[in-house]
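For reference, the structure discussed in these notes is given below.
The values are calculated or read from the model by the stated rules, or taken from the named source; none is laboratory data. The structure presented is a predicted model; accordingly, all values stated were derived computationally and were not measured. Glycine gets a Cβ as well: all are built from the backbone with ideal geometry, and neighbour counts include every protein chain shown. Keep in mind that these areas ignore ligands, DNA and RNA; they rest on the heavy atoms of the full protein, side chains included. Shrake-Rupley method; radii C 1.70, N 1.55, O 1.52, S 1.80 Å.
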Amino acid sequence: MNDYGIQGQLAPAWDVAEWFNLPDGVTQLERADFAGKVLYLYCFQSWCPGCHSHGFPTLKAVRQHYQNEGNSDIAFVAIQTVFEGFDSNTLETAHQTAKRHQLDIPFGHDAPNGQRSNVMQHYRTGGTPWTVLIDRQGIVRFNGFRAEPNQLIQGIDTLLTETSTETS
C-alpha cells in the first residue's frame, strides 16, 4: 500500500500563514476559496533541483495551456512545503523562486516555526516537486510526484468535463 497521497479524499485546509502574489485586499488563502474550480496545487522547495528542472516548467506549461484557451475554471497555487533545509527554504527564497520562474500566481510559504509543512502532512506528500489536482467539489483527484504536462492537462480536461456535466 502506498503511504503517500490522499487521492479520493476531501482536500484538507492549508493553514498557511505566509502568502504573496495575492489579489488586492486578500491576506490568506484556503482551498475552500476555490470552490467550483479545478485547482492545481504545486508543492515545492526553493532548493529542490527537481522543482526547478521539472516541477516549475510543468506548472508553467499547464498554466499557459489554459491561459491560451482563456479557461477561468482552473486556478493555480504554489506552496513551499518545507520539510528540511529550513534556513535555505525561506519566504525570501520563495519570492526569488517566483521571480525566477516569472509566476504571478498565489505563493505560500509553509514552515510553521521551523516545523514540517502542514500542507505536506495533511496531503501526505512524499517530497518535492509534488502536484495535487482538486476537483470542483474539493476532492483530491491526483496527488503525485513528477507528473508530466500532457498527463496533467488530460486529467484536468477530464475534471473540467466531469464537473461541468455533473453541475449542469
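Just reorder 86, 34, 107, 145 by solvent-accessible area, largest first, 1.4 Å probe, all chains present. Could you put the intermediate results ahead of the total?
Values: 86 70, 34 30, 107 0, 145 115 Å².
Per-residue accessible area, sorted high to low, gives 145, 86, 34, 107.
For helix 56-69, what angle does its Cα long axis make with the longest principal axis of the chain, in degrees from 0 to 90 and rounded to 10?
Helix 56-69 sits at roughly 30 degrees to that axis.
Any chance you could give the angle, 0 to 90 degrees and rounded to 10, that helix 91-100 forms with the longest Cα principal axis of the chain?
The angle comes out near 60 degrees.
Sorted by accessible area with a 1.4 angstrom probe, largest first, how do 26, 119 fall? Numbers along the way, then the final one.
Values: 26 55, 119 0 Å².
Order by accessible area, largest first: 26, 119.
How much accessible area does residue 92 have with a 1.4 Å probe, in Å² rounded to the nearest 10?
100
Can you give the % of DSSP beta bridges in the chain that are antiparallel, to the nearest 5? Show your work: numbers first, answer last.
Numbers: 14 of 25 bridges.
Percent antiparallel among DSSP bridges in the chain is about 55.
Looking at the chain, which Cys residues are left with no other cysteine's beta carbon under 4.7 Å from theirs?
Those would be 43, since no other cysteine Cβ in the chain comes under 4.7 Å of theirs.
Could you check how much of the accessible area of region 1-96 is carbon and sulfur, as a whole percent, using a 1.4 Å probe?
Working: 2310 of 4740 Å².
In region 1-96, the share of accessible area belonging to carbon and sulfur is 49 percent.
What whole-number value in Å² describes the accessible area per residue of the chain for a 1.4 Å probe?
Values: 8200 Å² over 168 residues.
It amounts to 49 Å² per residue over the chain.
Do the sum for the chain: with -39,500 (n - 2.57) for every DSSP H run of n ≥ 4, divided by all residues, what is the mean residue ellipticity at 222 nm, to the nearest 500 deg cm²/dmol?
Numbers: 4 runs with 49 residues, N = 168.
Per the formula, -9000 deg cm²/dmol.
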